[in-house]
Amino acid sequence: MELGRIIADRWYLFVALAAILLPTIVLAAMQYVSVRRTEAQARATLEANLDLHLLGLIDEARRDLVDRASYITHSVSHSRIRSRNLPGLARSFTRAMRRYPEMRDLYAIFFEKGNEMGAWQVWCYVPPDPEDPSVERYKEVPVGRLKEDPDITEALRRAWMAIPDRKEDATYTNFAPTSLSDPVPRQIFYHPVYEPDHMNRKDDLDRVGLIAFTAEIDSYPYAGYLRDLVALYDQRMGGSNPLGPLAYKVSISDRGGRARDLVLTGSPPGSFRHRGFDDADRLFPGISFGVALRDRSAAEFASQNTGLSLLLGVGAAVLLLIGLALTWHATVREIRVAELKSDFLASISHELKTPLTAIRAFGDLLRSGRARDKERIRQYGEMISYESDRLTTLLNNILEMSRIERSARRYKLEKGDLGAAVAASVEVFRAATRARGFEIEVEIPSTPIITQFDKNALDQALVNLLSNAVKYSSESRRVKVRVWSDEAEAAIDVRDFGIGIDPAEQRRIFDAFHRAPQSEVQAKSGTGLGLAIVREIIRAHGGEVSVDSKVGVGATFTIRLPLLTPDLRQGQSSPSEEMAYGRHSGNRRRTERIGRLVRQLGIRRLFGADGN
Ligand code: ADP
């Protein structure tokens, strides 16, 4: 019910709040989606970069393997194939096999120019048995021999024919069985031999034979080749690699599908991106190259900025919410003050009217001469005087508040005995309230308490506290005023034994226009200005006012003022006097600063005096 009324009264605030909150939530959601999208893009870019690396590495390996095969086959004398000189070829093969141990089997293939399909003849190289004394030797070296094998012939022919494009003068590769009886595929490199008088060949019809050999990835082109390849490649790419250090892996899976690492550099936290030779390369299909970031996973790489972006987003949202909460608080407060001011205006006419009506009535009574009795006349006079005082206090408070609000209040601080000043003020007040049966006890120390104060302002503050003590005294008609001091401060307690103040209200009662919601308070007339003025006056003196109270027991308001230090007492000019004398800025922070300064100065000088 209460909430419904608040919403109905402040609907425009809720609309403004929603108008800010909704776009903020939408923006925050968009930021989140955008951050996630950026993360996915970063990951895709990383993967594409790793793939590019892999492609470069594989391309290099492919080129090297084929170049090496070409180099080996060029070491065999091609003219022996053209002339079909088997003994010369056996010697040439023997030499090549000794120089390039990574070759497994070596073959010479003859066919008729332009008729590869027809007359196809394969000679396999059989290494010599060094123990056999009948083995032919050439320059002391045992020479192998060549042997024809129809099984191998057919298998190599099929493998050669399966190569799709054989027109170029190049080394061709295929991964195929080299025997029909043993269908296990092997890596085969073929190099064509052409007619001697057609070195500038136009087409493949000039081919008259082939040199072929098989190789195994473990040994071809040579042991450690892949490791060197990876190291060289990494060194070359290292400088231009924006991804940071990389880890490499080359593995091979055997026919059973089991993978075996041939090269592994580093153990990265994430997984490797894998890729093998392209099918069109017709090279070792079981081999697979892998690359990964060495010191973080792809997910970490992609999300390296995510945390920061999200944190910034959340930070901005939190700041905005704090800003909104503060704006809300300030607006509600302003509205409350405006309401209080309008309540004040409504009540002020009543506040002014009541004493005026009383003054008018008692004045009329006196004028009519109907009251003859001296005691009556005195009572009427006292009532008129009391109501005039009330009116004066009220007007003083209104004027004071208006000066404070316009920052036009000036205080003239003068040295004096606080006890004497309080005694004088209470005396005037006591006279005004005695008729109503109030007992005001005063306790003032015998030694003077020298401090600086503006006599009129202090008087006004005291009157406000005493008026409240009387107003909220309920049945008890007792008020106690005590002036006391300790080493640094002078203090005035105004104590009553009346209705007391709820703890939740004790801080707010010093705010202008605020009145406690208690029914006993609301039953009394009031403007809510008295304590606000007391606080402003006391702060301008560099002091503080506080309250200690229990509901139903009473309340003690304590004014604390900085004491004058001994040297200032003796007539030296006081810095606080100069500062405090003049316009009241209405700025609480400034008066608080002055208060602190005065207190600090006073305490230090006391310590200094003690030390001397
Ligand atoms: P007013 O008395 O005109 O309402 P004040 O600013 O003097 O305004 O006081 C503010 C509020 O503080 C009062 O409305 C009342 O609720 C509370 N208050 C002040 N003095 C006392 C007191 N001595 N005992 C109980 N409540 C008090």
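The values are calculated or read from the model by the stated rules, or taken from the named source; none is laboratory data. Bear in mind that the values here come from a model prediction, so they are computed numbers and not experimental data. Counting neighbours? That spans all protein chains shown, and the Cβs are built from the backbone with ideal geometry, glycine included. For the accessible areas, the whole protein counts, side chains as well, though only heavy atoms, and no ligand, DNA or RNA atoms are used. Shrake-Rupley method; radii C 1.70, N 1.55, O 1.52, S 1.80 Å.
Within the range 85-103, if we keep just the residues that are in contact with a strand residue (DSSP E or B) (Cβ under 9 Å, 6 or more places away or on another chain) and in contact (Cβ under 8 Å) with a residue 60 or more places away in the chain, the residue that is most open to solvent (accessible area, probe 1.4 Å) turns out to be L86.
Under the condition of being without any contact (Cβ under 8 Å) to a residue 24 or more places away in the chain and open to solvent by 60 Å² or more (accessible area, probe 1.4 Å), the residues counted in the range 242-270 number 6.
When T556 is evaluated against the numbered criteria (1) modelled with pLDDT of 95 or more; (2) among the hydroxyl-bearing types (S, T, Y); (3) in a loop (DSSP other than H, G, I, E, B), which criterion, by number, is the only one it fails? All conditions pass for T556, except number (3).
Is there a residue in the range 155-174 that is over 28 Å from P285 (Cβ atoms) and more than 60 Å from the chain's Cα centre (by Cα)? No: the range 155-174 contains no residue that is over 28 Å from P285 (Cβ atoms) and more than 60 Å from the chain's Cα centre (by Cα). When the range 483-535 is limited to residues that are more than 8 Å from the ligand (Cβ to nearest atom), among the charged types (D, E, K, R) and free of Cβ contacts under 8 Å to residues at least 40 places away in the same chain, the one that is most open to solvent (accessible area, probe 1.4 Å) turns out to be R507.
Residue-level analysis places S288 among those that are open to solvent by less than 60 Å² (accessible area, probe 1.4 Å) and not in a loop (DSSP other than H, G, I, E, B).
P23 fulfils the conditions (1) under 30 Å from L324 (Cα atoms); (2) touching a helix residue (DSSP H, G or I) at 6+ places or on another chain (Cβ under 9 Å) except for a single criterion, (2).
Quick check on this structure: which one of V521, V547, V494 is in contact with a helix residue (DSSP H, G or I) (Cβ under 6 Å, 6 or more places away or on another chain) and not in a loop (DSSP other than H, G, I, E, B)? Step by step, each of V521, V547, V494 is checked, and only V494 is in contact with a helix residue (DSSP H, G or I) (Cβ under 6 Å, 6 or more places away or on another chain) and not in a loop (DSSP other than H, G, I, E, B).
Considering the conditions (1) within 20 Å of P196 (Cα to Cα); (2) open to solvent by 20 Å² or more (accessible area, probe 1.4 Å); (3) β-branched (V, I, T), V66 is excluded by exactly one of them, (1). I'd like the full set of residues that are surrounded by 15 or more Cβ atoms within 10 Å (Cβ to Cβ) and either within 28 Å of R296 (Cβ to Cβ) or among the charged types (D, E, K, R) (or both), limited to the range 1-27. Passing the criteria: only R10.
Against the list (1) free of Cβ contacts under 8 Å to residues at least 24 places away in the same chain; (2) crowded, with 20+ Cβ neighbours inside 10 Å; (3) of a type in the set (A, V, I, L, M), the condition A457 fails is (1).
In a residue-by-residue description of the range 218-241, the property of being in a helix (DSSP H, G or I), within 30 Å of the chain's Cα centre (by Cα) and surrounded by fewer than 17 Cβ atoms within 10 Å (Cβ to Cβ) applies to no position. Every test in (1) within 16 Å of the ligand (Cβ to nearest atom); (2) under 20 Å from E414 (Cα atoms); (3) modelled with pLDDT under 95 is passed by N456 save one, and that test is (1). Entry remark, the range 161-181: residues being outside any loop (DSSP other than H, G, I, E, B) and touching a strand residue (DSSP E or B) at 6+ places or on another chain (Cβ under 6 Å) number 6 in total.
Looking only at residues in the range 462-475 that are in a loop (DSSP other than H, G, I, E, B) and either surrounded by fewer than 16 Cβ atoms within 10 Å (Cβ to Cβ) or of a type outside the set (G, A, S) (or both), the one that is nearest to the ligand (Cβ to nearest atom) is Y472.
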